[in-house]
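Trainee: Mind having a look at this structure? Questions to follow.
The values are calculated or read from the model by the stated rules, or taken from the named source; none is laboratory data. Just so we're clear, the structure is a prediction, and the values are computed from it rather than from any experiment. Here the Cβ positions follow ideal geometry from the backbone for every residue, glycine too, while neighbour counts run over all protein chains shown.
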Amino acid sequence: MAESTNATLTTPEQPAECAARRFLYIWEGPVRIIHWVNFFCIIVLSVTGYFIHDPFMSAAQHPYIMGHMRHIHYVAGVLFAVSILARLYWFLGGSYYASWRAIPNPFNRKDRETFWAYFRFYIFLGQKTPHLLGHNPVAFCAYTLLFLLFFLQILTGFALWAQADPGSTLYAVTGWVFGLVSNQWVRWFHFMVMFLVAGFVINHLYSVVLFDFKTKSGEISSIFSGWKPDHRD
Amino acid sequence: MSDFRELLDSHNITRRSFLKYCSSLGALLAVPAAMTPKIAAAIENDNRPPVIWMEFQSCTGDTESLLRANRPSVGELILDHISLDYHETVMAAAGEQAEASKHATMEKYKGQYICIVEGSIPAGADGVYCTIAGQTAVDILRKVGGNAGVIIAVGSCSSYGGLPAAYPNPTGAVGVSDLLPNKTVINLPGCPMNVDNLTGTIVHYLTFGTPPAMDRFGRPKFAYGKRIHDNCERRGHFDAGQYVENWGDYGHRQGWCLYKMGCKGPESFHNCPTLRWNEGLSWPVMAGHGCVGCSEPGFFDTMMPMYQRLPNVPGFGVEASALKIGAAIVGTSAAIFGAHGAVTLARNWKQVREAKEETREEIQQTIDADSDADK
């Protein structure tokens, strides 16, 4: 058997057993691109956003520094909003693992068992977790909360931006926020979400490394390549 | 010749300067210059609706703002000239006489007179915290405000509750529109309101018969349509990154931006930077102190601490700043997942060591086998 495999690999005329045959294509291009655009935007938005809160750098070497920081913050914010909207589109019409079809169904016994198996694993009460190709259900809950924060962050961000021109369409669309929560608490919230996202990033990095090891399912490499090893047997 | 012309003559104010004032009011209201004659005619008209000025829980700061001038300006004469039939602080009448005058005005001009309210209305404990002539402020407002043609709430207290409504709000203070939700209430918040905005609002009402265009908080857009920050004369220093770091430091003496000293200009809508105060002399930021956001709903509570950018959160023992809470969130996350990792490693430590040992042995075997083959 080993010999025949060697033979096929070394004979170019015959189709080789492609490495991709042992992998499954899970995360399509848009999902990966959106992930890395978000990654880039979150870093840029956090740095510039913190600067806007507390301009810690001296102006001596950088004339117009606050103006530039705010400009970058706004451009990155628009890019981030477009990226989140694109992800929403992919969530509605994308491939199975990236879309609403992969949402764990709480009325489905098997889905519930999968959720509790992962939950028990996280709190050290269980070792076995069923093999999954997409998100695990606990991670899915975390991402749902994260995207809720993203929506609120985009809404409050555009609302605060629109205050520069209360006659604008942007303010007409987003200004209702200030009828619910006062100006200052909207700012406070917009600042606080940055820390919540930072807390998530710590969780995210730790969890992907943990599951990359535990399940050998290419948690880390798949967000670059899109492929996950086929362990379905 | 109207009695208004006589009033102007008696103060040596020429018609020319009166018209100049009318055109500057037109500019304040952002109406075309061609409206100036109409504005002048509306002011000169002898059939102007009278004004009833009511004061409840307040420091009389808005009345002070009204009376502040050291010389009578055209604007003040206009406010004099509109029949101020009832104003507790400045009217000569007192007691029964004053009440009688108020009732007479209310009867005669029902649904037409202008009702100006200064100060918040204590709604707590059935309104006993403020009573005038045996009636609670709530009842007086419902009666006088309810029959008015238009209500103007002057100052932050009557607009949104203001200082008396600050935590813990012992009197249950509320603004006018909270008690009269179905009436048109023009809010002129500010601590105090700027009297030029009051003149402008009244003249707009006299000229057009309608309140000026208002924002979602009931504030006229001509006066509250732009952020203080966006019209501030120190804005250039903000964009350039030149900030006051301490009171009296180099930047403060140079007139740099007060952003880092907690200036609430970026959060507040008012025309202070363009209209200024005390006959256009100065305004808080020009005088070297940050804006405190007095004309925003939620002032006082949401605009404090005065010298910090963001509010503190009570309930964490001592009040916690936004940055402390944020650091705690990140720290907690790092601690939880760091601990999780440590526990995971510790639980699997034996297997991990065995696996490492096996790997090492396997590699050694491969190397040995290779070197054997080479021989």
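Trainee: Kindly indicate which of B:Arg276, B:Arg360 is of a type outside the set (Ser, Thr, Tyr), touching a strand residue (DSSP E or B) at 6+ places or on another chain (Cβ under 7 Å) and without any contact (Cβ under 8 Å) to a residue 24 or more places away in the chain. Break it down stepwise before answering.
Mentor: Numbers: B:Arg360 fails: touching a strand residue (DSSP E or B) at 6+ places or on another chain (Cβ under 7 Å).
Among B:Arg276, B:Arg360, only B:Arg276 is of a type outside the set (Ser, Thr, Tyr), touching a strand residue (DSSP E or B) at 6+ places or on another chain (Cβ under 7 Å) and without any contact (Cβ under 8 Å) to a residue 24 or more places away in the chain.
Trainee: Which of (1) closer than 30 Å to A:Arg21 by Cβ; (2) facing chain B (nearest Cβ under 9 Å); (3) surrounded by fewer than 18 Cβ atoms within 10 Å (Cβ to Cβ) is the odd one out, the single condition A:Leu205 does not satisfy?
Mentor: Failed condition: (1).
Trainee: Filter the stretch B:323-375 down to the residues that are acidic (Asp, Glu) and either under 20 Å from A:Gln127 (Cβ atoms) or not in a helix (DSSP H, G or I) (or both) and list them by number. Steps first, please.
Mentor: Kept after step one, since they are acidic (Asp, Glu), are these residues of the stretch B:323-375: B:354, B:357-358, B:361-362, B:368, B:370, B:372, B:374.
Passing the criteria: only B:Glu354.
Trainee: Can you tell me which residues in the stretch B:140-162 are surrounded by fewer than 20 Cβ atoms within 10 Å (Cβ to Cβ) and either hydrophobic (A, V, I, L, M, F, W, C) or not in a helix (DSSP H, G or I) (or both)? Write out each step before concluding.
Mentor: Applying the first criterion (surrounded by fewer than 20 Cβ atoms within 10 Å (Cβ to Cβ)) to the stretch B:140-162 yields B:142-143, B:146-147, B:149.
Result: B:Asn147, B:Gly149.
Trainee: Right, here's the next one. Would you mind stating whether B:Val313 is surrounded by 13 or more Cβ atoms within 10 Å (Cβ to Cβ), of a type in the set (Val, Ile, Thr) and either within 26 Å of A:Ile202 (Cβ to Cβ) or modelled with pLDDT under 90 (or both)? Steps first, please.
Mentor: On the way: surrounded by 13 or more Cβ atoms within 10 Å (Cβ to Cβ): yes; of a type in the set (Val, Ile, Thr): yes; either within 26 Å of A:Ile202 (Cβ to Cβ) or modelled with pLDDT under 90 (or both): yes.
Judged against the criteria, B:Val313 is a match.
Trainee: So B:Gly248 ticks every box in (1) of a type in the set (Gly, Ala, Ser); (2) in contact with a helix residue (DSSP H, G or I) (Cβ under 9 Å, 6 or more places away or on another chain); (3) in a loop (DSSP other than H, G, I, E, B) but one. Which box is left unticked?
Mentor: (2)
Trainee: Only one of A:Leu210, A:Leu149 is surrounded by fewer than 18 Cβ atoms within 10 Å (Cβ to Cβ), in contact with a helix residue (DSSP H, G or I) (Cβ under 6 Å, 6 or more places away or on another chain) and not charged (D, E, K, R); which? It would help to see each step written out before you state the result.
Mentor: Details: A:Leu210 fails: in contact with a helix residue (DSSP H, G or I) (Cβ under 6 Å, 6 or more places away or on another chain).
Going through A:Leu210, A:Leu149 in turn, just one is surrounded by fewer than 18 Cβ atoms within 10 Å (Cβ to Cβ), in contact with a helix residue (DSSP H, G or I) (Cβ under 6 Å, 6 or more places away or on another chain) and not charged (D, E, K, R): A:Leu149.
Trainee: Looking only at the stretch B:253-275, which residues are more than 10 Å from every other protein chain (Cβ to nearest Cβ), more than 18 Å from B:Arg219 (Cβ to Cβ) and either in contact with a Lys or Arg (Cβ under 9 Å, 6 or more places away or on another chain) or surrounded by fewer than 17 Cβ atoms within 10 Å (Cβ to Cβ) (or both)?
Mentor: Of everything in the stretch B:253-275, those that are more than 10 Å from every other protein chain (Cβ to nearest Cβ), more than 18 Å from B:Arg219 (Cβ to Cβ) and either in contact with a Lys or Arg (Cβ under 9 Å, 6 or more places away or on another chain) or surrounded by fewer than 17 Cβ atoms within 10 Å (Cβ to Cβ) (or both) turn out to be B:Arg253, B:Gln254, B:Gly255, B:Leu258, B:Gly262, B:Cys263.
Trainee: Inside the stretch B:222-252, can you point out the residues that are on the phi < 0 side of the Ramachandran plot and at the interface with chain A (Cβ under 9 Å from one of its Cβ atoms)?
Mentor: From the stretch B:222-252, those on the phi < 0 side of the Ramachandran plot are B:222-240, B:242-247, B:249-252; that's our starting set.
Of everything in the stretch B:222-252, those that are on the phi < 0 side of the Ramachandran plot and at the interface with chain A (Cβ under 9 Å from one of its Cβ atoms) turn out to be B:Tyr224, B:Gly225, B:Lys226, B:Arg227, B:His229, B:Asp230, B:His237, B:Phe238, B:Asp239, B:Ala240, B:Gln242, B:Tyr243.
Trainee: Given A:Gly77, A:Gly134, A:Gly126, A:Gly157, which one is within 19 Å of the chain's Cα centre (by Cα) and at pLDDT below 85?
Mentor: Numbers: A:Gly77 fails: at pLDDT below 85; A:Gly126 fails: within 19 Å of the chain's Cα centre (by Cα); A:Gly157 fails: at pLDDT below 85.
Answer to the selection: A:Gly134.
Trainee: Which of the residues that make up the stretch A:187-233 are without any contact (Cβ under 8 Å) to a residue 12 or more places away in the chain and hydrophobic (A, V, I, L, M, F, W, C)?
Mentor: Hits for the stretch A:187-233 are A:Trp188, A:Met192, A:Phe195, A:Ile202, A:Leu205, A:Val209, A:Leu210, A:Phe213.
Trainee: Right, another one. I'm trying to understand the selection: among the residues of the stretch A:96-125, which are more than 21 Å from A:Phe150 (Cβ to Cβ) and either of a type in the set (Ser, Thr, Tyr) or within 14 Å of chain B (Cβ to nearest Cβ) (or both)?
Mentor: A:Tyr96, A:Thr114, A:Tyr118, A:Phe119, A:Arg120, A:Phe121, A:Tyr122, A:Ile123, A:Phe124, A:Leu125
Trainee: Could you give me the residue pairs with C-beta distances under 6 Å whose first residue belongs to the stretch A:168-184 and is at the interface with another protein chain (Cβ under 10 Å from one of its Cβ atoms), whose second residue is hydrophobic (A, V, I, L, M, F, W, C) wherever it lies, and which are 6+ apart or on separate chains?
Mentor: A:Tyr171/A:Ala162
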